Amino acid sequence: MKPKQYWLLLLFSCSYILSNAQNLNWMLGTWKGVGNSRKAQFVRTLEITSVIGSEFSGTRSKEARDRTSSKIITSIIGKLSKDTFYMKDGAILFRKDPPNAKWLDCTHCIPVNRVVVTYDSIFLSSEVIGCADYCDGTSVYYKLMPDLDTATQRSLVDEFGTPEQILAFKPVSPDAPTFIQSDPDSEKPNQNLVNLAKKQQQQHILDSTNAANALTKKRQQQIDDSLKLVAALEKKRLQQVQDSLDVVKQQQQQRIQDSITNAAIALKKRQQQILDSTNAASALAKKRQQQIDDSLKIATALEKKRLQHVQDSLDVVKQQQQQRIQDSITNTAIALKKRRQQILDSTDAANAFNKKRQQQIDDSLKLVAALEKKRLQQVQDSLDVVKQQQQQRIQDSITNAAIA
């Protein structure tokens, strides 16, 4: 695809999206409930706040016409296209219950929705059936055609009007009188509007059914024509397949014959290769056997030489081992004799040391005895001195006492 085609495709997509959004802009704003006269018990209002493509969202309110100002507001979401229209309540956004009463929650009910156009108004009808006694009923909201531009009026009539309305369409100017505005306190015209909306819807359904039947008949004729064309094409395709199979069969047979011929040539060539390989293998085996015999002779001579070398090595090792054993016996005898002399010398030295040690002990004992005798004498002398000093102190005390 060329860059120019990319830009055209992108422009077409954007135009399609914007056209869908523009087609639903007429839904934005406030939709008044049918029956909101001064005598009505409740005031119903539908507020569409957002339109994105074929989807819309907003709020639906129901307010009691009394001094309590009790009110309930729920969110809504919906989708409106050529073949689809649904509008369903979402979460409860605000609820002020009346005294000694309570607003009931009907957000779980699935309504049946319709769009109906008249000369001067467009209606959104939401009907709940078989959900709950307090929820069943029909809510109708409207907008005035004069509030919309001529192109939007034309588009709405073409999409939701009856064939008679489409043929008789005339745009409604803002200055034209409207039926709903002319008598706001009348309940009967509002009911007539509801009945008219239902009647137009039924007529719209009947026209749609007739158009669908005609379309179905036309579609069946197209299907029959297509089946005939498909049958002719299938017959032609089968003939082409048969011709192709015949060609393939001939080619396959030729390939099989060529394969057989090539296989015979290859087999003959392979047999010659096998024969040549057999002769070469026999010559190689004979040469290999001669090499093996020569190798065995060389190996036998080498083994004999190795065994002789091993025997000579064993004899040398045996002689060296016997010499080491004899040297070990001689060295052991010398070491034993030397050890005995060392033990004898050690014994004599130990005896002399013990004798000398005993003499030192005797001298030490004598010295200790002399020191002890001297210490005892010193102790005795000290005791005598202490005794004399004690007696002198006693005598001095007696003398002093007598003088006093």
Hits in the range 114-171 (condition: of a type in the set (Ser, Thr, Tyr), in contact (Cβ under 8 Å) with a residue 60 or more places away in the chain and surrounded by 17 or more Cβ atoms within 10 Å (Cβ to Cβ))
THR118, SER121, SER125, SER139, TYR141, TYR142, THR152
Please verify whether ALA349 is of a type in the set (A, V, I, L, M, F, W, C), surrounded by fewer than 10 Cβ atoms within 10 Å (Cβ to Cβ) and part of a helix (DSSP H, G or I), treating the condition exactly as stated.
no
So is SER57 of a type in the set (Gly, Ala, Ser) and at pLDDT below 90 or not?
no
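The values are calculated or read from the model by the stated rules, or taken from the named source; none is laboratory data. Just so you know, these numbers come straight off a predicted model, no measurement behind them. In this analysis, Cβ positions are derived from the backbone assuming ideal geometry, glycine residues included, and neighbour counts consider all displayed protein chains.
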